[in-house]
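*Asks:* Please find one structure pasted underneath; my questions will follow.
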């Protein structure tokens with residue numbers, strides 16, 4: 001029995017080794033919203049059928065089908081594409097078949113580098129509709145096809161950006177994201193409703209700032225009071241659909257989250273659009289739009305925090321309010337008072353006056369020494 005078992009195990013090992021060396025013809029299909037009117041002919045199902053028929057007619061078997069459904073050709077982090085390249089790196093690809101060259105991607109430099117890599121690995125690339133088969137030699141028109149594909153992506157990007165710009169100038173949101181404290185109106189997603197439970201937390205955050213707490217102190221207070229973090233709150237009220245996250249602590253607020261809430265002008269009732277931009281369609285990381293170039297529609301959404309509270313909170317966040325040596329909290333007016341003569345900040349003086357029986361002071365002084373000296377002279 002042991003000998004028979006060893007023989008069986010040896011056979012299984014050989015089969016696994018042979019399978020690991022098995023090479024496939026990769027049939028790759030991609031579809032995105034950029035395809036517009038061609039989306040029917042370029043549908044994943046139609047592409048798969050076309051690729052499989054070609055492989056069968058030319059004895060390019062066995063085959064493995066890989067797809068990216070809903071991904072732009074300018075996105076090279078597509079899951080299907082990453083899987084394809086992993087198979088190439090592992091040496092399990094004998095050839096690659098696509099409907100046409102732009103299914104691979106719409107960046108002529110990246111496509112050119114890929115063609116060089118496949119040529120070095122002796123992996124033929126076949127683009128059926130373009131009549132390309134690199135196993136038959138170089139096609140002089142291939143680089144131009146890649147350039148045309150990139151021009152198409154660039155032109156599509158310009159058109160989409162123009163549409164977004166026009167919609168934002170008309171006051172329409174172009175993003176589905178929404179600040180904590182609001183909910184989409186189920187009848188019209190362009191309208192926002194106040195989420196009273198979350199709005200209560202937003203108001204508390206602003207009040208804690210005015211009372212002298214920093215963002216990290218506020219995060220600790222909310223955690224101690226077991227207030228759900230924004231994502232966990234949205235899940236709890238069903239705003240995330242079937243999406244569920246696993247949390248180590250669903251009450252663990254971060255200082256950065258609190259800081260971002262305090263920055264949102266929307267809480268004053270202002271719709272703020274065009275807050276970020278990218279230089280071109282290849283750049284995935286967006287930049288913040290300068291404040292004076294943003295589109296602000298005052299009073300366009302329900303207000304959660306009044307304007308005076310919001311602006312006071314911004315001033316206080318820029319003011320260092322150190323607690324007194326006796327560990328009392330900062331005085332509530334610190335950061336709110338300005339000198340009537342020079343408009344400099346007033347600082348709270350709690351020092352001990354030895355001339356009056358070491359009595360603690362409790363007064364505000366102008367932080368500008370020259371203005372204070374002139375005031376004494378006058």
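*Asks:* Kindly evaluate residue 198 against the criterion of being in a helix (DSSP H, G or I), out of contact with any strand residue (DSSP E or B) (no Cβ under 7 Å at 6 or more places or on another chain) and in the same structural domain as residue 278 (by TED's automatic domain parsing).
*Replies:* yes
*Asks:* Kindly indicate whether any position in segment 291-299 is part of a loop (DSSP other than H, G, I, E, B) and either touching a residue at least 40 places away in the same chain (Cβ under 8 Å) or within 30 Å of residue 76 (Cα to Cα) (or both).
*Replies:* Scanning segment 291-299 turns up no residue that is part of a loop (DSSP other than H, G, I, E, B) and either touching a residue at least 40 places away in the same chain (Cβ under 8 Å) or within 30 Å of residue 76 (Cα to Cα) (or both).
*Asks:* Can you tell which of 212, 241 is part of a loop (DSSP other than H, G, I, E, B) and farther than 28 Å from residue 311 by Cβ?
*Replies:* Going through 212, 241 in turn, the sole match is 241.
*Asks:* Quick check on this structure: which one of 220, 263 is farther than 30 Å from residue 298 by Cβ and assigned by TED's automatic domain parsing to the domain that holds residue 288?
*Replies:* 220
*Asks:* Are there any pairs, at least 6 apart or on different chains, whose C-beta atoms fall under 6 Å, with the first in segment 237-254 and closer than 17 Å to residue 224 by Cβ and the second at pLDDT 80 or above and exposed (fewer than 12 other Cβ atoms within 10 Å of the Cβ), and if so, which?
*Replies:* Close Cβ pairs satisfying both conditions: 251/226.
*Asks:* Check whether at least one residue in segment 273-292 is assigned by TED's automatic domain parsing to the domain that holds residue 193, over 20 Å from residue 181 (Cβ atoms) and buried (at least 16 other Cβ atoms within 10 Å of the Cβ), and report yes or no.
*Replies:* Among the residues of segment 273-292, at least one is assigned by TED's automatic domain parsing to the domain that holds residue 193, over 20 Å from residue 181 (Cβ atoms) and buried (at least 16 other Cβ atoms within 10 Å of the Cβ), which makes the answer yes.
*Asks:* While we're on this one: When you go through (1) at pLDDT 90 or above; (2) surrounded by fewer than 16 Cβ atoms within 10 Å (Cβ to Cβ); (3) more than 22 Å from residue 176 (Cα to Cα) one by one for residue 263, which number turns out not to apply?
*Replies:* So the condition that residue 263 fails would be (3).
*Asks:* Inspect segment 82-89 for any residue being assigned by TED's automatic domain parsing to the domain that holds residue 44, free of Cβ contacts under 8 Å to residues at least 12 places away in the same chain and more than 29 Å from the chain's Cα centre (by Cα) and give the result as yes or no.
*Replies:* There is at least one residue in segment 82-89 that is assigned by TED's automatic domain parsing to the domain that holds residue 44, free of Cβ contacts under 8 Å to residues at least 12 places away in the same chain and more than 29 Å from the chain's Cα centre (by Cα).
*Asks:* Which of (1) more than 25 Å from the chain's Cα centre (by Cα); (2) part of a helix (DSSP H, G or I); (3) farther than 15 Å from residue 259 by Cβ is the odd one out, the single condition residue 206 does not satisfy?
*Replies:* Answer for residue 206: the failing condition is (3).
*Asks:* State whether the residues of segment 146-169 include one that is out of contact with any helix residue (DSSP H, G or I) (no Cβ under 8 Å at 6 or more places or on another chain), more than 30 Å from residue 102 (Cα to Cα) and at pLDDT 75 or above.
*Replies:* yes
The values are calculated or read from the model by the stated rules, or taken from the named source; none is laboratory data. Computed from a prediction, not measured in an experiment: that's the story for all the values here. So basically every Cβ, Gly included, is an ideal-geometry build from the backbone, and we count neighbours across all protein chains shown.
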